[in-house]
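Colleague: Before we start, here is the structure in question, set down as structure tokens.
The values are calculated or read from the model by the stated rules, or taken from the named source; none is laboratory data. In this text, all values refer to a predicted model and were calculated from it rather than measured experimentally. Neighbour counts run over all protein chains shown; Cβ positions are idealised from the backbone, glycine included. These accessible areas exclude ligands, DNA and RNA; they are computed on the full protein's heavy atoms, side chains included. Shrake-Rupley method; radii C 1.70, N 1.55, O 1.52, S 1.80 Å.
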Amino acid sequence: MLGARDRNKKYMKQFTRDELCDYFRSFAGMDGGNLEKAKLWLCGIEHGQGCATLEDVTPEHKPGAWSVGRRVQEGKGEHRTWPLWEKAAKIVVGIRRNVLEEAHKDPGSLTWQHYRDNFLYGQEAYEFKLNLFPLACPGVNSRNWASAHDVQPELRDKEQYRNLCRNGGRFEFMRELRKTHHPKVIIATGKTSLEDFVNAFGFEDCPHEEIVIGNRGSECQLFVYVDRDADGSQTRLVVTPFFSYRRNCLNTDELLEALASCVARWMSPDDFPELSNAPDAFPTRSGTVDGTAASGV
């Protein structure tokens, strides 16, 4: 006898290759942010949530953004516990501080906690957040992938799904975004997907260099590609290790600060305009979050 889950799957629609390509060729699976103005982009491989059966393939033709209201509603501020959000906020705020200090401008008192809680991936943000692949998966390879997508012939095999994104329009969509909006720097996390990042953003024939950041005993290697856009501006793709506490990753505040200092060389004060004075959605005491001292970038 079929279980309820299997009975539901039995009657689920199988999406065609064209329907999937149309869905993937959109902002699906991207956090979004300030696409129109942000000169700093962040790109991951995929959302790290659990695998879920795909039920809707309506293309997302407009970029999303995290409003303060959404932050409050999302688990009553659960985003404050997400490690990747903490690290992203530290890097963005660290880049801003380095840029302004180098230009002999006062960076003010903006903390990474306040930025994360109110602005990260928002419409006023200093960044725009993408992912190479639109469907969530708890790891680059997961045993749950096949069972979650077994009703979709095009998705059962994860490498087949990745190739559908590479060749079916998603990577082309991301290249077009880059050519249209001219970010100055794209920070891409996960050196295991270096080739995919290079292809997705159109850096295949561009010169690159390898940069080592950090100190002896705590070092990380960056791959930096540079391309000149049609308007004469330059875009750099900076492929980094994962933002993680694991070995060989960007696993300390010192390494996050080193990355921020490196990226700041390619940005300017105009890329970091004043933020609004909207009330803090998650007020804290004395510059702390949940009673813990502010630290890091």
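Colleague: Could you check R170 against (1) basic (K, R); (2) open to solvent by 60 Å² or more (accessible area, probe 1.4 Å); (3) modelled with pLDDT of 95 or more and say which number it fails?
Modeller: Looking at each condition in turn, R170 falls short on (2).
Colleague: Specify which of the listed residues (G48, G33, G29, G3) is modelled with pLDDT under 95 and closer than 21 Å to A200 by Cα.
Modeller: Within the list G48, G33, G29, G3, the selection yields G48.
Colleague: Hey, E204 hits all of (1) assigned to a helix (DSSP H, G or I); (2) of a type in the set (D, E); (3) touching a helix residue (DSSP H, G or I) at 6+ places or on another chain (Cβ under 7 Å) but one; which does it fall short on?
Modeller: (1)
Colleague: Pairs needed: first member in segment 150-179, under 24 Å from K62 (Cα atoms); second member anywhere, β-branched (V, I, T) and surrounded by 19 or more Cβ atoms within 10 Å (Cβ to Cβ); C-beta distance under 7 Å; at least 6 residues apart or different chains.
Modeller: Close Cβ pairs (under 7 Å, with a partner that is β-branched (V, I, T) and surrounded by 19 or more Cβ atoms within 10 Å (Cβ to Cβ)) amount to R178/T235.
Colleague: Which condition does K87 not pass, out of (1) buried (at least 22 other Cβ atoms within 10 Å of the Cβ); (2) free of Cβ contacts under 8 Å to residues at least 12 places away in the same chain; (3) among the basic types (K, R), if it passes all the others?
Modeller: (2)
Colleague: Now for a different question. State all residues of segment 249-282 that are open to solvent by 40 Å² or more (accessible area, probe 1.4 Å), part of a loop (DSSP other than H, G, I, E, B) and more than 19 Å from E86 (Cα to Cα); if no residue qualifies, say none.
Modeller: R265, W266, P273, E274, S276, N277, A278, P279
Residue by residue, here is whether (1) open to solvent by less than 20 Å² (accessible area, probe 1.4 Å); (2) closer than 21 Å to W266 by Cα; (3) part of a loop (DSSP other than H, G, I, E, B); (4) touching a residue at least 24 places away in the same chain (Cβ under 8 Å) holds:
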| site | (1), (2), (3), (4) |
| --- | --- |
| I187 | yes, yes, no, yes |
| E210 | no, yes, no, no |
| Q221 | no, yes, no, yes |
| L237 | yes, yes, no, yes |
| R247 | no, no, yes, no |
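Colleague: For a quick check of your reading of the model, give me the residue pairs whose first member lies in segment 52-81 and is in contact (Cβ under 8 Å) with a residue 12 or more places away in the chain and at positive phi, whose second is open to solvent by less than 50 Å² (accessible area, probe 1.4 Å) and not small (G, A, S), with beta-carbon atoms closer than 8 Å and at least 6 apart or on different chains.
Modeller: G77/R71; G77/D117; G77/F282
Colleague: Another one. Would you please name the residue that is nearest to E172 (Cα to Cα), looking only at residues in segment 116-154 that are of a type in the set (A, V, I, L, M, F, W, C) and in a strand (DSSP E or B)?
Modeller: L130
Colleague: Give segment 49-66 a look and list any residue that's open to solvent by 60 Å² or more (accessible area, probe 1.4 Å) and in contact with a helix residue (DSSP H, G or I) (Cβ under 9 Å, 6 or more places away or on another chain), or say none.
Modeller: Listed by number, the residues that qualify are A52, D56, T58, E60.
Colleague: Got at least one residue in segment 174-182 being touching a helix residue (DSSP H, G or I) at 6+ places or on another chain (Cβ under 7 Å), open to solvent by less than 50 Å² (accessible area, probe 1.4 Å) and in a loop (DSSP other than H, G, I, E, B)?
Modeller: no
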